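Rule-based calculations on the coordinates, nothing more; no lab input. Everything numeric in this text was worked out from a predicted model, so none of it was measured. All Cβ positions, glycine included, derive from the backbone under ideal geometry; neighbour counts span all protein chains shown.
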Amino acid sequence: MLLALAALPAFAAPGPQVLSLQRVRAGEVLSLPADARLLRLVPGDDALRVVVGPGSGTAPEPRRIRFQLEGHDPGWMEPEPLGERLFRRIEPGSYQLRIAWAGADGDWRELPRVAVWVEPPWWQGQYALAMFGLLALVLAALLSRELRARHRRREAWRMTRARQQLAEQHSEAKSRFLATLGHEIRTPMTGVLGMAELLQGSALDARQRGQVEAIQRAGQHLLRLVNDALDLARIEAGRLELVVAPFRLRPLLDEVADLLRPLAEAKGLRFRLACAPSLPEALSGDATRLRQILFNLGHNAIKFCDAGEVSLQVAPGEPEGLVLSVHDSGPGLDAEQQARLFRRFEQGASGQGGSSGSGGSGLGLAICRELAVAMGGGISVQSSPGQGARFQVSLPLPAVPAPEPDVRPGTRGTAVRRLLLVEDNAVVAEVVAALLEQQGHRVRHVPHGLAALAELATASYDLAVLDLDLPGIDGLQLARLLRARGETLPLLALTARADPQAEPEARAAGMDGFLRKPVTGELLAVAIAALESARLSPRG
């Protein structure tokens, strides 16, 4: 950097004079004109050194000399040695250098002033400050824009979160509603289906028997609707749990075929099960959900087919799993019908027309698709008007070693037992007691837990059937009380609850068996036989 000096004409003056002006830059001392009246210091100059001494000729000799750099010094400074001053760390700005001296008479006289201008560094200059101001404005605008964008993102996230929470609350409320509805429907359905089963075992003419069978079919259809709605609610809430375990494939297919064949033959249809010889003996997966898919597809095909054949074809998948096809000779589907085939609540969405009034909930095919996807597979349809329809399900279920055969206890010939039935609903109690008595058991009914405790304290029973939702002491609490006091009596839970936690909670409370309403005589017989078999089996 340079130091620019403006020199004024020198003039003679009595007394001392400025002998030298020096600036210091990075330790280097540079001389300046001693008669300068304007000094311009630039960035990099560290200090200014001024030396004042006696003038020439007969000028009086100064006894005292003092300095003041106005704007820098707080007042006059009289340094030592005499006449020498070093100004350090002068801030940028404009100053006046004043020098005064006193002779023997003690009067102070001032030398001509010297203007000093210290230039600021480039970043403190006007242009730099203007650019910094502009940059600050740009940064402020960008920051404001970013803050607004962040605020919008935060508000969008909050709105999304609020909508998500609201959707979860709606889903939870719907799930609770459907669970409550299912519970409330299952209890009276136990009376409807149970009474129909009891009537079937009585002496009826052909017309009466047909009426009873119609009641039973309608009740079973209503129960399917409830179960379908509950399944969809679980799927939407993300609570559908698959029970993966090894199962034998051919017995499952035969069981589904045995259920569908009578339905087909009742409409004058042929039903055929065709299994490829290379099918694996056993697979790992949820056998109950696979059975549900096949039954829904087969039942749907039978419902919309008036003549011809319905077939279930099963082949191994590639590289593993199954390919299951349900084919019918019904009226088929056009492109528009196929596009809305798997929508929910599309009654007759398959477009297979056929039987008038066959109706349906419109949930069966939707549930089949959801279950297939949950199992890692998919479902598709191939059809054209007048050519029937083929539904194909691909499931990547791995082959596993075959499990031990499930030897189900016999449902008939069970020894006569003395049973305690704890049920608060009088109609359900009448139905369950009658179904058990048809099997030869002696049944004692009590309506609540306190009566059950009193009855077990005064009489001996072989088994107790406990409803879970009892007034006062519920079935779970009753089971815990019985187990706490050392009661080893086999306990069979009976409930209208449809939630998946019901059975684990019942088992944890001490129940040995579990049944959901509505129940049939066959289900009761199987459950009692299973408890008897477990009681007689040696425990490890």
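The ranking of SER311, SER460 from fewest to most other beta carbons within 10 Å of each one's beta carbon is SER460, SER311.
Mean sequence separation of contacting Cα pairs (under 8 Å, at least six apart), scaled by the length of the chain, corresponds to a relative contact order of 9 percent. Full extension of the chain between ALA136 and ARG217 gives 21.1 nm of extra length, using 0.36 nm per residue less the Cα-Cα distance. Applied to region 283-296, the Karplus parametrisation 6.51 cos²θ - 1.76 cosθ + 1.60 on θ = phi - 60° returns per-residue 3J(HN,Hα) values of 10, 10, x, 8, 5, 5, 5, 5, 4, 5, 4, 5, 5, 4 Hz, with x for Gly and Pro.
The distance separating the Cα centre of region 74-136 from that of region 147-162 comes to 57 Å.
Given the choices (i) -0.67, -0.80, -0.94, -1.09; (ii) -0.84, -0.98, -1.09, -1.18; (iii) -0.76, -0.93, -1.11, -1.28, log10 I(q)/I(0) by the Debye sum over Cα atoms at q = 0.09, 0.10, 0.11, 0.12 Å⁻¹ derived from the coordinates of this structure is entry (ii). Distance between the pseudo-spin-label points of GLU70 and ARG161 (7 Å out from Cα toward the beta carbon): 6.5 nm.
Extension gain GLU281-ALA26, at 0.36 nm per residue separation less the Cα-Cα distance, in nm?
Details: separation 255, 0.36 × 255 = 91.80 nm, distance 9.46 nm.
Extra length from GLU281 to ALA26 when fully extended: 82.3 nm.
Relative to the current alpha-carbon distance between GLN169 and VAL51, full extension at 0.36 nm per residue lengthens the span by 33.6 nm. Counting only alpha carbon atoms, the long axis of helix 364-374 and the longest principal axis of the chain meet at about 50°. Taken one residue at a time, the phi angles of region 135-150 give Karplus couplings (6.51, -1.76, 1.60, θ = phi - 60°) of 4, 4, 5, 4, 4, 4, 5, 5, 5, 4, 5, 5, 4, 5, 5, 5 Hz. Gly and Pro are set to x.
In degrees from 0 to 90, rounded to the nearest 10, what is the angle of the helix 521-536 Cα long axis to the longest principal axis of the chain? Helix 521-536 sits at roughly 80 degrees to that axis. Each residue in TRP122, TRP117 was given a count of other beta-carbon atoms within 10 angstrom of its own, and listing them fewest first yields TRP122, TRP117.
Basic side chains Lys and Arg get +1 at the Cβ, acidic Asp and Glu get -1 at the Cβ, and with that the dipole of the chain about its Cα centre reaches some 660 debye. Sorting THR488, THR187 by the number of Cβ atoms found within 10 Å of their own Cβ, with the fewest placed first, yields THR488, THR187. Against the main long axis of the alpha-carbon atoms of the chain, helix 249-266 sits at an angle near 60°.
Give, as ranges by residue number, the residues of region 423-463 whose backbone N falls under 11 Å from the point 7 Å along Cα→Cβ of GLN477. It comes to 449-450, nothing else.
For region 229-346, the average shadow cast by the Cα convex hull is 8.7 nm², which is a quarter of the hull's surface. Extending 7 Å from Cα along the Cβ direction at ARG148 and again at ASP334 yields two label points whose distance is 5.4 nm.
All other residues whose Cβ lies under 13 angstrom from that of LEU111 are scored, Lys and Arg at +1 and Asp and Glu at -1, for a net of +4.
Each Lys or Arg adds one and each Asp or Glu takes one away; over the other residues whose Cβ falls under 15 Å from the Cβ of LEU482, this sums to -2.
Along the charge dipole of the chain, Cβ charges K/R +1 and D/E -1, which of LEU269, ILE185, MET511 sits furthest on the positive end? Farthest along the dipole direction, towards plus: ILE185. Selection among GLY103, PRO79, GLY27 by position relative to the dipole of region 4-124 gives GLY27 as farthest towards the positive end (Cβ unit charges, Cα centre).
Rounded to the nearest Hz, the phi-derived 3J(HN,Hα) couplings of region 479-487 under the Karplus curve 6.51 cos²θ - 1.76 cosθ + 1.60 (θ = phi - 60°) are 4, 5, 4, 5, 5, 5, 9, x, 6, where x marks glycine and proline.
Calculated from the alpha-carbon coordinates, region 4-124 shows an Rg and a Dmax of 14.5, 50 Å respectively. On the basis of the beta-carbon distance and an R0 of 25 Å, ARG485 and GLU437 show a calculated FRET efficiency of 0.30. Annotation: amide H-H contacts under 5 Å for GLY285 (H modelled 1.01 Å from N, sequence separation of 5 or more, or interchain): ALA245, PHE247.
Computed from label points 7 Å out along Cα-Cβ, the spacing between ARG507 and ASP107 is 12.1 nm. Dimensions of region 128-236 from C-alpha coordinates, computed as largest minus smallest value along each principal axis and given longest first, are 110, 18, 13 Å.
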